[in-house]
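The values are calculated or read from the model by the stated rules, or taken from the named source; none is laboratory data. If you're wondering where the values come from, they're calculated on a predicted model, not measured in any experiment. Because the Cβ atoms are built from the backbone with ideal geometry, glycine has one as well, and the counts that use them run over all protein chains shown.
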Amino acid sequence: MNETGKSGDHDKARGKIPRCPICGNPRDLDYRPFCSKRCADVDLGRWLKGDYAIPVLADDDEDGEQAGADSASGDFRENEDESRS
């Protein structure tokens, strides 16, 4: 926060140059917020590998139900197997 208690772009006002989040070099407007294509590609690679994934509990599925609980799709598969015999 600045002197008035409001947050803002105070880094530029104080003369600080925004830095690349990968290597710390000054940013390049062509590759913002990075300094080069290399750093942009490093960041993309991290996203694709899942390094920036949001952690989730393995117990819950998308509906918030416990994994392994009976659901309509599970019942359908059982009925499908019976119809083949």
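Taking each residue of the stretch 16-40 that is among the small types (Gly, Ala, Ser) and looking for partners that are not in a helix (DSSP H, G or I) with beta-carbon atoms closer than 7 Å, six or more apart or interchain, yields Ser36/Asp28; Ala40/Phe34. Considering only residues of the stretch 17-60 that are exposed (fewer than 11 other Cβ atoms within 10 Å of the Cβ), among the acidic types (Asp, Glu) and assigned to a loop (DSSP other than H, G, I, E, B), which is modelled with the lowest pLDDT? Among them, the one singled out is Asp59.
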